[in-house]
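Since the structure comes first, as structure tokens, the remarks are kept for the end.
The values are calculated or read from the model by the stated rules, or taken from the named source; none is laboratory data. Nothing here was measured: the structure is a model prediction, and the numbers come from that model. Here the Cβ is made from the backbone with ideal geometry for all residues, glycine too, and neighbour counts use every protein chain on show. All accessible areas refer to the heavy atoms of the entire protein, side chains included, with ligands and DNA or RNA removed. Shrake-Rupley method; radii C 1.70, N 1.55, O 1.52, S 1.80 Å.
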Amino acid sequence: MIVLLFPVLLHAQGEFFLEGAVLDRESRQGLSYATVAILDGENKTLIGTLTDDKGNFKLVAKRTDTLRVQVRYVGFQSLDTLLIIRENKEKFRVVFLLLPQSKSLQEITVRAERLATSIQIDRQIFDATRLGNTVGGTGLDVLQRLPAVTINTEGKILMRGQAEFLVTVNGKFTHLSPADVLAQLPANAIEAIEIISTPSASMDAEGKAGILNVITRKNTVPTRSIVANFSLSHVNRYGGDVTFYQNSAKINAFIAANYREYGIGGHRKGEIRTIHQDTVTYSPSFGERPTWELTYGLRAGAQYAANKSTAIHAALYYGYRQNDRVANLHYRQYARAAQPLDLYQTFTEDALERTFYNQNLFVRTGRFLVINSDFSKTFPNKGKLALAGVYEYSVLGGPLRNQDNDRPGGSLLLKERSDETSPLDAWRFQMDYNHPLSGYLALEIGYLWRAVHHRGDFIFERLNLLDHTWERDPEFNDALDLKQGVHAAYVQVNGHLGSLKWRAGLRGEHMDRVLVHRRGNGPVELRRIDFLPSVQLFWKMRDDREIKLGYSKRIDRPTTKALSPFKNHRHSEAIWVGDPNLLPEITRSIEATLISRRSSSVFTLTAYYYRTSNLIFRINDNYNRITLLTIFTNAGNSRSIGLTFTSDAPILKWLSLYISGNAYLFQIADIERGTTSKAQSINYNINANVQIKLNEKGRIQWNTTYNSRTVTAQGFDTELLLSNLSLRYTMHKNWTADLLFQNIFDTNRQTITNRGALFYSSTEYAKYDRIVQLTFSYCFNDSGKNTKGIKTEYGEKDF
């Protein structure tokens with residue numbers, strides 16, 4: 001590494017504020033999340049911080065004659081600078097210029113491991129490369145390794161017991177669920193994930209569990225570069241992605257494409273019991289349940305920096321996603337009308353009514369187009385103006401096919417089909433302004449308008465077995481038109497005093513929702529205003545210890561699927577129906593985090609409390625003797641009280657361990673249609689990643705995730721254990737090979753149980769994803785910094 005020493009005149013008594021920026025020496029663009037640290041004479045860190053997404057930093061230093069400052073950023077040469085203090089000022093601004101490693105005068109190899117987690121005033125940042133080998137996978141593989149995050153076999157994601165996130169990509173706000181946005185994003189493209197669990201008033205208020213921000217990779221070195229990956233396995237799983245960069249001093253541009261097919265074998269075993277009128281029915285089933293998913297997409301974007309204070313950015317995204325779920329199940333149906341009607345009685349073969357073979361294919365497709373543009377301007381008084389606009393067009397749909405035979409290949413008993421065509425248009429405009437009031441205070445104000453127009457045509461037909469004609473059932477056919485608009489404004493004050501940073505703000509949102517459907521009597525309307533306060537504090541107690549506090553109130557509005565007021569026949573055991581009168585969920589959250597740093601180790605401990613009202617659940621009830629009616633409804637209230645920890649420490653020079661965990665009390669109250677009005681459980685999950693460095697070219701990683709049993713509104717989900725082993729070998733400075741052994745213990749099995757006064761349903765899902773996957777990666781001139789990307793505002797959430 002090159003050590004550059006130069007004098008900078010500062011002052012010398014008490015404390016003073018050192019602020020400034022870390023820039024790429026070639027392009028003069030800010031380097032986000034660079035490390036700026038003040039060292040003592042023994043090279044120990046006295047105080048340090050990370051730059052923000054613009055490359056800016058602030059810290060408080062003790063006055064002395066000289067200060068040694070060290071600046072580091074991955075892909076760039078480190079900088080050691082001696083600051084000579086002579087002037088008597090309270091605040092100084094310094095700009096540090098880092099030289100890309102590719103521009104060094106001689107070939108040097110610099111190897112260092114970044115910490116898996118870091119903390120800022122409103123977020124916790126997780127380095128994707130330290131969470132386990134996910135190359136060749138998707139963003140879901142990265143998400144599954146985060147603390148406090150659980151994913152069950154049906155793909156439902158919980159964060160500290162809460163089901164909804166607002167997902168952003170490089171700070172670009174969307175309304176996607178984590179599963180939808182991350183399923184289309186290659187894991188290789190993700191540099192880090194930020195969890196913002198108590199967001200400030202300046203951020204979107206949707207997502208009751210907070211915000212999940214995905215930081216993707218890019219190249220900022222003034223040159224052309226390529227990053228490519230290709231994966232294949234011994235089963236139906238292969239894919240690849242490639243990104244091309246063209247960068248200059250003022251223009252950064254990229255174009256990226258990805259393609260992935262992913263087939264998983266599966267098995268389903270379950271039973272359903274009902275009391276319908278005067279009969280108890282018991283229907284066990286078993287059979288194959290494989291899934292297949294196809295995703296491909298194209299992303300492109302460019303940023304033009306007219307000067308140091310003005311930048312324009314534009315991006316485009318087109319994507320396609322298809323998910324096929326097949327269920328070929330054997331059923332045996334027993335019935336008994338004798339009194340008393342005991343739901344859990346034992347049935348013998350003399351009570352057997354019939355056997356049948358059900359074949360069910362559910363296909364979900366989505367096409368997504370998003371165009372985004374934004375503008376930023378910094379004024380001479382350091383005020384900043386940002387404008388952003390987004391347009392989205394998505395088409396959702398897909399067929400469903402369902403039929404019963406008396407046996408495989410036997411006589412036809414029932415045949416049904418349904419098709420959905422559901423286009424939507426969405427618009428978004430946002431304006432934010434940050435005005436410095438003094439050296440210690442800044443005022444932020446902003447306005448947001450967003451709107452969505454979602455149409456849908458839903459056709460359901462049943463085959464008449466006598467004349468072989470298709471007939472429409474009016475209960476299952478409908479067309480809907482949903483229009484929803486939100487106007488939001490906020491005011492926020494940011495400040496710092498010594499080693500204390502704080503933010504306080506208030507956000508107001510007005511929503512107007514109108515839903516019209518063909519089978520309805522008239523429009524269903526909802527208009528409401530919500531006020532959402534937030535507070536964040538960050539206190540650096542001493543050089544190796546920090547405290548973060550936060551409070552926020554958030555809102556989560558239901559999806560179109562949850563509002564659709566007609567019956568949707570999913571398969572033999574389930575009919576779904578939405579509620580057009582659903583209210584938004586309101587969540588209040590409080591958390592406190594302690595950060596402790598020792599040498600190259602970091603430990604964090606977070607205590608939190610969540611309370612959600614108007615909780616939306618899928619509640620089951622009897623429809624007929626073997627079919628449950630699943631209803632979206634505001635079913636009750638919930639709260640979570642718990643602790644989360646992360647520990648990242650090198651054990652030996654060749655061995656490092658990252659471990660995180662979460663334990664919380666989850667309670668649901670005021671449950672409707674349940675066997676009890678309350679439910680609770682103590683839940684926990686553990687994530688661990690062990691890395692063994694074999695030599696300069698090879699390393700082994702083992703990671704495991706365990707999720708405990710958890711309650712739901714009408715039942716529980718059992719525990720789930722997943723574990724993977726991988727070997728990485730660097731064949732050349734541009735070529736890397738990864739060999740992944742996924743689900744090495746073959747434990748991807750989980751049982752989901754629901755029960756009510758008149759029904760009981762229990763289903764075990766097993767996924768056969770124990771595979772061996774080989775991935776080749778090529779990287780030429782990559783500096784590994786984040787690129788601005790976009791995703792859909794509404795489409796994929798409804799997908």
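One table, with the values for the structure above:
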{"read-out": "Single residue of Gly446, Gly456 found to be under 30 Å from Gly498 (Cα atoms) and open to solvent by less than 20 Å² (accessible area, probe 1.4 Å)", "value": "Gly446"}
{"read-out": "Failed item in (1) under 28 Å from the mean Cα position of the chain (by Cα); (2) β-branched (Val, Ile, Thr); (3) closer than 21 Å to Pro423 by Cβ; (4) open to solvent by 30 Å² or more (accessible area, probe 1.4 Å), with Val486 passing the rest", "value": "(4)"}
{"read-out": "Count - residues of segment 345-371 that are hydroxyl-bearing (Ser, Thr, Tyr) and either under 40 Å from the mean Cα position of the chain (by Cα) or at pLDDT 95 or above (or both)", "value": "3"}
{"read-out": "Count of residues meeting criterion [open to solvent by 60 Å² or more (accessible area, probe 1.4 Å), over 29 Å from Ile590 (Cα atoms) and among the β-branched types (Val, Ile, Thr)] in segment 499-552", "value": "1"}
{"read-out": "Qualifying residues in segment 602-625 (those that are within 20 Å of Glu546 (Cα to Cα) and aliphatic (A, V, I, L, M)) - the one least open to solvent (accessible area, probe 1.4 Å)", "value": "Val602"}
{"read-out": "Leu448 vs. criteria over 29 Å from Phe476 (Cβ atoms), at pLDDT 95 or above, in contact with an Asp or Glu (Cβ under 7 Å, 6 or more places away or on another chain) and not hydroxyl-bearing (Ser, Thr, Tyr)", "value": "no"}
{"read-out": "Any chance Asp374 is farther than 25 Å from Arg407 by Cβ and either in contact (Cβ under 8 Å) with a residue 12 or more places away in the chain or within 28 Å of the chain's Cα centre (by Cα) (or both)", "value": "yes"}
{"read-out": "Total residues in segment 617-628, condition within 24 Å of Gln333 (Cβ to Cβ) and either in contact with a Leu (Cβ under 6 Å, 6 or more places away or on another chain) or touching a residue at least 60 places away in the same chain (Cβ under 8 Å) (or both)", "value": "8"}
{"read-out": "Subset of segment 420-443 [in contact (Cβ under 8 Å) with a residue 60 or more places away in the chain and either farther than 19 Å from Arg507 by Cβ or open to solvent by 60 Å² or more (accessible area, probe 1.4 Å) (or both)]", "value": "Ser422, Leu424, Ala426, Gly439"}
{"read-out": "Every pair of residues 6+ apart whose Cβ atoms lie under 9 Å, when the first sits in segment 467-491 and is without any contact (Cβ under 8 Å) to a residue 12 or more places away in the chain while the second is of a type outside the set (Val, Ile, Thr) and open to solvent by 20 Å² or more (accessible area, probe 1.4 Å)", "value": "Thr469/Leu463; Glu471/Glu461; Glu471/Arg462; Glu471/Leu463; Glu471/Asn464"}
{"read-out": "Qualifying strands (runs of 3 or more DSSP E) (wholly inside segment 274-384; at least 3 residues being on the phi > 0 side of the Ramachandran plot)", "value": "none"}
{"read-out": "Breaking point among (1) touching a Ser or Thr at 6+ places or on another chain (Cβ under 7 Å); (2) open to solvent by less than 30 Å² (accessible area, probe 1.4 Å), for Gly287", "value": "(1)"}
{"read-out": "Enumerated strands (runs of 3 or more DSSP E) restricted to segment 663-757, each holding at least 1 residues that are closer than 21 Å to Asp648 by Cβ", "value": "678-693, 698-707, 720-732"}
{"read-out": "Lone qualifier among Gln277, Gln322 - being of a type in the set (S, T, N, Q), open to solvent by 20 Å² or more (accessible area, probe 1.4 Å) and in contact with a Leu (Cβ under 8 Å, 6 or more places away or on another chain)", "value": "Gln322"}
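Listed here are the residues, each with its yes/no results for (1) aliphatic (A, V, I, L, M); (2) modelled with pLDDT of 95 or more.
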| residue | (1), (2) |
| --- | --- |
| Phe429 | no, yes |
| Tyr433 | no, yes |
| Leu441 | yes, no |
| Glu444 | no, yes |
| Gly456 | no, no |
| Thr469 | no, yes |
| Arg472 | no, no |
| Lys483 | no, yes |
| Ala489 | yes, yes |
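Table: residues versus (1) open to solvent by 20 Å² or more (accessible area, probe 1.4 Å); (2) in contact with a helix residue (DSSP H, G or I) (Cβ under 6 Å, 6 or more places away or on another chain); (3) over 30 Å from His276 (Cβ atoms); (4) of a type in the set (Ser, Thr, Tyr).
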{"site": "Leu665", "(1), (2), (3), (4)": "yes, no, yes, no"}
{"site": "Ala679", "(1), (2), (3), (4)": "yes, no, no, no"}
{"site": "Tyr684", "(1), (2), (3), (4)": "yes, no, yes, yes"}
{"site": "Lys693", "(1), (2), (3), (4)": "yes, no, yes, no"}
{"site": "Leu721", "(1), (2), (3), (4)": "yes, no, yes, no"}
{"site": "Leu725", "(1), (2), (3), (4)": "yes, no, yes, no"}
{"site": "Asp746", "(1), (2), (3), (4)": "yes, no, yes, no"}
{"site": "Arg749", "(1), (2), (3), (4)": "yes, no, yes, no"}
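Yes or no, residue by residue, for (1) within 25 Å of Gln124 (Cβ to Cβ); (2) modelled with pLDDT under 70; (3) hydrophobic (A, V, I, L, M, F, W, C):
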{"residue": "Leu5", "(1), (2), (3)": "no, yes, yes"}
{"residue": "Val8", "(1), (2), (3)": "no, yes, yes"}
{"residue": "Gln13", "(1), (2), (3)": "no, yes, no"}
{"residue": "Leu18", "(1), (2), (3)": "yes, no, yes"}
{"residue": "Val36", "(1), (2), (3)": "yes, no, yes"}
{"residue": "Val71", "(1), (2), (3)": "yes, no, yes"}
